[in-house]
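The values are calculated or read from the model by the stated rules, or taken from the named source; none is laboratory data. Everything numeric here is computed off the predicted structure, so don't read it as measured data. Here the Cβ positions follow ideal geometry from the backbone for every residue, glycine too, while neighbour counts run over all protein chains shown.
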Amino acid sequence: MAAPLKRCLVRRRDGREQHGLAASCLRELRDKASGILAIDKAREPITLVLAEDGTIVDDEDYFLCLPSNTKFVALAKNEKWSSKSLDSGTTWLSESADEVDSATEKWKQLARQLKDDLSNIILMSEEDLQVLIDVPRSDLAEELAQSQTKIQVLQDTLQQVLDRREEERQSRQLLELYLEALKNEDSILSKVAESETVPRKEMDVVDTGTSSRGTSPKTALSDQILAALKEKPAPELCLDSQDLELVLKEDTQALASALRWDKQKAEALQQACDQELSKRLQQVQTLHSLRSTSKGKKTLPWGDWPSSKRKK
């Protein structure tokens with residue numbers, strides 16, 4: 001069964017043309033973008049990149065995991081993405097940003113993502129899930145064109161996902177505290193043994209050599225992502241899939257420097273983000289597989305979501 005249509009916003013690098021397109025796969029989006037932007041794909045094969053950071057999108061699975069209304073920039077031959085290229089599209093981008101300025105517009109945008117594909121629940125951050133849970137049932141039912149009974153089932157499901165992530169966070173936090181206690185104990189024992197065998201002057205030389213290294217590399221992650229990574233006990237559960245991708249692509253040394261951690265702890269964080277992203281993608285693939293075996297339905301049956309008592 002064909003994948004559902006995904007709405008996207010595509011524009012040229014100069015920002016003079018921007019169009020809303022719907023495609024079920026990356027190839028279809030590339031073909032439509034070439035046609036509507038008048039780019040000869042035979043002579044100038046276009047490259048689609050994310051408008052926000054210039055990430056090249058050439059993998060079909062990655063495209064299917066992107067949310068609807070993702071903004072793309074179509075680059076012709078020899079063109080490169082630059083943050084300066086966003087200036088010419090200020091009006092278009094500011095209009096999109098205005099849509100999510102208020103809490104009301106934000107939940108409507110999230111609701112439209114669920115209307116397109118319910119499996120987007122897996123890719124949402126905890127903040128997004130909470131926004132949809134707090135929406136009055138009647139308003140959400142009207143936006144999704146569903147009965148309030150089915151909306152209650154949906155919000156119960158959202159609460160279950162949120163609760164499960166909270167349980168995972170608490171378990172991970174307890175494990176980290178235990179490992180930290182073991183690490184501190186080993187550190188104390190190591191310092192005692194070192195103080196007995198290493199002369200003081202030699203220790204000073206080692207310390208001086210360590211502190212005289214070159215400047216640390218800088219990270220390209222936003223302050224919001226860095227704050228979540230540093231302050232949250234299990235940050236991989238708080239970030240959406242796009243943010244997880246950015247963390248995985250970041251240089252480990254630069255990440256450690258930005259967070260003021262050691263490299264080992266930064267590597268552990270990236271591994272946790274990788275595992276969380278892989279789990280979400282696997283869940284999406286499982287839902288798509290279940291959908292393909294259904295009786296020709298294009299969306300998951302709303303009534304099939306498990307119902308449970310809503311938690312507060």
Conditions (1) assigned to a loop (DSSP other than H, G, I, E, B); (2) at pLDDT 75 or above; number of the one not met by residue 188: (1)
Residue list for region 224-255, restricted to those being charged (D, E, K, R) and modelled with pLDDT of 85 or more: 240, 243, 245, 249, 250, 251
Test: residue in region 144-157 that is charged (D, E, K, R) and either modelled with pLDDT of 85 or more or under 22 Å from residue 282 (Cα atoms) (or both): yes
Filter result (in contact with a helix residue (DSSP H, G or I) (Cβ under 9 Å, 6 or more places away or on another chain) and within 30 Å of residue 289 (Cβ to Cβ)) within region 25-46: 25, 26, 27, 29
Pick from region 278-304, criterion within 13 Å of residue 121 (Cα to Cα) and aliphatic (A, V, I, L, M), ranking: modelled with the lowest pLDDT: 300
Near pairs, Cβ below 9 angstrom, 6+ apart or cross-chain, from region 146-165 (in the same structural domain as residue 118 (by TED's automatic domain parsing) and surrounded by fewer than 15 Cβ atoms within 10 Å (Cβ to Cβ)) to any residue that is of a type in the set (Ser, Thr, Tyr) and assigned to a helix (DSSP H, G or I): 148/138
Test: residue in region 276-292 that is touching a residue at least 24 places away in the same chain (Cβ under 8 Å), part of a loop (DSSP other than H, G, I, E, B), out of contact with any strand residue (DSSP E or B) (no Cβ under 9 Å at 6 or more places or on another chain) and more than 24 Å from residue 179 (Cα to Cα): no
